[in-house]
1. Going by the conditions given, is B:Asp128 buried (at least 16 other Cβ atoms within 10 Å of the Cβ) and either on the phi < 0 side of the Ramachandran plot or at pLDDT 85 or above (or both)?
2. Quick check on B:Val57: is it more than 19 Å from B:Thr137 (Cβ to Cβ) and within 14 Å of chain A (Cβ to nearest Cβ)?
3. Run down A:Ile151, A:Ile178, A:Ile205 and say which single residue is modelled with pLDDT of 95 or more, under 30 Å from the mean Cα position of the chain (by Cα) and either loosely packed, with under 15 Cβ neighbours inside 10 Å or not assigned by TED's automatic domain parsing to the domain that holds A:Arg55 (or both).
4. Can you tell me how many residues within the stretch A:310-362 are of a type in the set (A, V, I, L, M) and part of a strand (DSSP E or B)?
5. Do any strands (runs of 3 or more DSSP E) entirely within the stretch A:193-292 hold 3 or more residues that are in contact with a Leu (Cβ under 7 Å, 6 or more places away or on another chain) and polar (S, T, N, Q), and if so, which?
6. In the stretch B:35-47, how many residues are touching a residue at least 24 places away in the same chain (Cβ under 8 Å) and either among the acidic types (Asp, Glu) or under 20 Å from B:Ser87 (Cβ atoms) (or both)?
7. Restricted to the stretch B:103-123, and to residues that are surrounded by fewer than 20 Cβ atoms within 10 Å (Cβ to Cβ) and under 30 Å from A:Thr289 (Cβ atoms), which residue is nearest to the other protein chains (Cβ to nearest Cβ)?
8. Among the strands (runs of 3 or more DSSP E) confined wholly to the stretch A:556-665, which include 3 or more residues that are at pLDDT 95 or above and either crowded, with 16+ Cβ neighbours inside 10 Å or hydrophobic (A, V, I, L, M, F, W, C) (or both)?
Amino acid sequence: MTTTEKLPDRHSIGQSMKRKEDPRFIRGKGRYLDDIVLPHMLYLALVHSPYPHARITKIDKTAALASPGVKAVITGEDLVAAKLGWLPTFHGFDNQMVLAIGKALYQFQEVAGVVATSREAAADGAELVDVTYEPLPPVIDPYQSKLDKIILRDDREAKTNHIYHWEVGEREKTDAAIAKSDVTIKERILSPRCHPAPLEPCGCISDMNGATGRLTIYMTSQAPHVHRTAFSLVTGIPEDKIHVISPDIGGGFGNKVPVYPGYVVATVASVILGVPVKWVESRTENLTTTGFARDYHMDVEIGATKAGKVTALKVSTTADHGAFDAAADPRKYPAGMFGIVTGSYDFPTAFAEVDAYFTNKAPGGIAYRCSFRVTEAAFAIERGMDILARKLGLDPVQLRMQNFIKKEQFPYPSPLGFTYDSGDYEKTTKKALDLIGYDALRKEQAEKRKRGELMGIGVSTFTEIVGAGPGKHFDILGIKMFDSAEIRIHPTGSGIVRTGTRGQGQGHETTWAQIVAEELGLDPQELLVEEGDTDTAPYGLGTYASRSTPVAGGALALASRKIREKARKIAAHMMEASEDDVEWKDYKFSVKGVPGKSVTMKEVAFAAYTNPAPDTEPGLEATYYYDPPNLTFPNGTYIAVVDVDADTGAVKVRRFLAVDDCGVVINPMIVEGQIHGGLTEGFAMAFMQEIKFDEGGNHLNTNFTDYLVPTALETPHWETGNTVTPSPHHPIGAKGVGESPNAGSPQAFVNAVMDALSPMGITHLDMPLTRDKVWSAIQGAQKKT
Amino acid sequence: MNLEWNGQERIPASKATVWAFINDPGKVASCLPDLISSNVKDAHSVDATVKVAVGPVRGSFKFAITLEPSAGGNHMDLKISGGGFGSVVDLLAGADLTENADGTTTLDWKGSASVGGTVATIGGRVLDAQAHRVISTTFENVKNQLSGAAAG
């Protein structure tokens with residue numbers, strides 16, 4: 001069932017236009033990185049450390065070099081000689097080894113690269129690189145790391161595993177308010193380590209042309225321009241001599257934002273050998289070494305009055321960052337946008353702090369389709385509110401309703417420093433309650449409880465923070481987080497549209513065409529959208545953090561309006577009217593007060609090349625770099641209904657409803673598709689996915705038999721709906737949606753299961769809620785009674 | 001991943017015969033299941049290449065084996081370390097010999113292993129059984145070879 005709030009009749013925006021990219025993907029005509037084969041291309045395989053923590057005393061290349069087809073073996077020392085041993089991490093406060101130098105800091109860390117004539121020959125050669133290790137005791141738990149008994153990073157001046165302390169809000173005032181509160185809750189809530197696991201893993205082909213001195217890198221990149229700049233800064237190759245092409249991408253979810261060792265080693269190999277070098281990681285390499293998500297241990301405290309009015313929120317987090325601080329957070333925000341942790345509620349005061357630690361695990365932390373730590377924050381507050389509701393004896397919806405930020409409070413300054421743009425949380429929630437029949441479900445639950453059946457209803461009324469972002473606050477490597485659009489309208493009224501973002505399945509080729517078509521009255525089918533080529537696309541910061549529509553979408557609308565302004569001049573010339581008398585109405589230019597006298601944008605386009613106004617430059621194109629004045633704050637109310645089998649611990653998600661408010665919807669079908677995909681991932685996080693390590697630091701989820709991705713078989717049926725509260729500052733009122741279902745849904749599932757188990761006195765279980773975890777909790781609770 | 005096992009073999013040979021056998025690195029290596037090749041380095045050490053199949057990990061592992069006999073001829077420590085396929089295995093086995101009244105010898109063994117890398121991560125669920133098989137078969141082979149010698 002889908003219910004979409006009716007949008008005003010529009011030419012293009014609001015239409016469920018079929019995705020222009022789909023014929024290519026459905027027919028197997030996409031062009032992904034691994035489809036690209038260049039003449040004389042060699043292949044790179046990486047050697048990985050079997051130990052999570054070990055000194056490397058010797059690397060013997062002899063046998064590998066003698067292996068058939070092997071052309072080169074590259075080690076960390078070789079990269080040090082080329083001044084590429086270490087790279088700055090994206091937010092610039094740490095350095096990361098490209099290949100292990102002296103010490104391996106996590107299991108599967110890249111230790112050497114072998115380049116050979118085929119993928120198989122490279123893998124065989126990698127097996128023959130003889131590395132001598134002296135194992136060291138690993139530190140896997142951040143709470144152990146905190147003790148500083150074993151210092152992991154020899155290279156850093158400060159002899160501590162503590163990376164940073166970050167805090168926001170008022171500590172004393174919050175502590176005092178909590179101390180004075182009638183009712184308080186305190187719970188340690190873990191957002192476990194999980195992994196985006198895109199179906200296409202990461203990879204590149206580096207092609208250094210010795211004759212032109214130009215380096216072309218085809219790479220699975222969510223941010224091709226940033227990667228070009230990073231490559232230039234690190235290698236010293238002038239930026240005009242670097243061409244990054246990000247071809248079709250088979251899912252990114254934040255996994256394809258960082259720079260990985262494979263990219264650097266393939267590039268060095270291409271420079272040395274003078275031929276293209278391809279690196280494509282295996283599933284195991286993707287799961288064990290590339291950007292993971294979360295690993296936030298959050299101590300959540302909420303104070304409230306007896307009547308259930310919240311008084312204060314305090315969240316103290318221990319963050320496990322792995323071996324390097326490689327999270328691509330903006331400089332001012334080492335814990336990303338964790339300050340959104342006050343959620344949809346009007347807290348009089350709040351305080352949040354994060355202490356991050358190194359461990360012997362792969363670095364990363366902010367990937368998986370909504371982070372910048374928003375998913376963690378949304379999970380913490382939504383679980384916290386549920387635990388509080390239970391303690392107060394209130395229905396969790398009632399507690400939320402009486403603490404929502406009210407519609408009239410927007411723009412709302414949050415106690416942790418953000419200004420929420422707009423929202424109508426009550427309206428969104430009421431719609432969700434009506435659509436799912438909340439009261440009837442509660443009645444059904446009461447009857448079932450009498451019979452001892454475990455039925456649960458879980459609610460999440462989350463607020464997201466996306467669209468990074470205002471350049472004054474957000475940057476990557478110092479580059480402000482604006483984005484860009486370039487539009488060229490051809491003489492016949494079709495055109496080409498390019499942005500600095502790079503879609504990975506989101507449907508940009510369709511959505512961008514719809515925005516431009518709406519602004520210019522053109523046919524979206526005749527607007528070609530192209531992204532991912534740094535030689536042609538305007539500079540942008542890429543696609544992640546649900547920023548494409550809030551930022552590049554704004555740039556598209558404003559570039560279109562620049563074109564419209566120029567077109568108005570041409571239209572005036574065409575209609576022999578004064579420019580002031582020409583108005584844009586009903587998607588064409590008309591002369592005010594002269595009915596029937598009008599020209600279409602298509603006609604203007606032709607004139608722009610054949611008959612421009614005398615004082616007007618020929619042609620019809622524009623570029624806009626859009627630095628948004630604020631972030632956008634989509635919200636949603638999600639409701640899960642589950643039945644728990646007390647004998648097996650199995651949870652059946654009987655119903656799930658997502659009512660989203662992402663502002664103005666450009667293509668309802670694409671938005672719904674985005675929500676379906678995200679809910680499926682949220683379901684996986686809640687019930688299936690965790691990257692675990694044994695006591696020796698062995699990674700226990702290295703493939704898809706041990707790290708589960710839901711199939712159609714276990715995925716529940718999704719029901720969706722929406723409300724529309726436009727963003728007041730966005731040129732077309734859109735807010736972004738790609739990450740809402742991931743930020744919004746895990747806690748709805750968990751809240752539902754905890755609701756089912758609440759009669760047994762179970763307050764909280766950490767994700768994933770596997771059968772054995774749920775069963776063990778039930779068994780434990782039954783023993784107590 | 002740390003694993004531990006123990007077992008016992010009753011060998012139809014005198015304690016002195018068994019002691020002499022387990023002090024010979026070449027003979028010890030020959031008892032490893034799925035041995036491909038071995039190379040005795042000195043009186044107490046031997047390198048061996050063994051075929052290994054743990055779940056989807058299949059290939060040859062190279063092991064360095066060191067014998068550490070204790071004075072008195074009752075106890076032998078065996079250190080086996082090595083690996084392959086991005087995996088590392090450190091195995092420590094201890095064998096205690098007791099002479100029985102019927103002229104046979106009881107060999108009590110204890111083994112512990114720490115396993116890291118691909119084998120531990122991919123083969124986790126079958127690793128315990130597989131490693132147990134390797135070590136118990138090794139001592140079984142000690143018995144079989146000595147039984148054969150006795151019979152022959």
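The values are calculated or read from the model by the stated rules, or taken from the named source; none is laboratory data. Quantities reported herein were computed from a predicted structural model and do not represent experimental measurements. When we count neighbours, we look across all protein chains shown, and the Cβ atoms used for this are built from the backbone with ideal geometry, even at glycine.
1. Working: buried (at least 16 other Cβ atoms within 10 Å of the Cβ): yes; either on the phi < 0 side of the Ramachandran plot or at pLDDT 85 or above (or both): yes.
It is true that B:Asp128 is buried (at least 16 other Cβ atoms within 10 Å of the Cβ) and either on the phi < 0 side of the Ramachandran plot or at pLDDT 85 or above (or both).
2. It is false that B:Val57 is more than 19 Å from B:Thr137 (Cβ to Cβ) and within 14 Å of chain A (Cβ to nearest Cβ).
3. Answer to the check: A:Ile205.
4. So the answer is 9.
5. none
6. Summing the residues that are touching a residue at least 24 places away in the same chain (Cβ under 8 Å) and either among the acidic types (Asp, Glu) or under 20 Å from B:Ser87 (Cβ atoms) (or both) in the stretch B:35-47 gives 1.
7. B:Ser114
8. A:588-591, A:598-600, A:621-626, A:635-644, A:651-661
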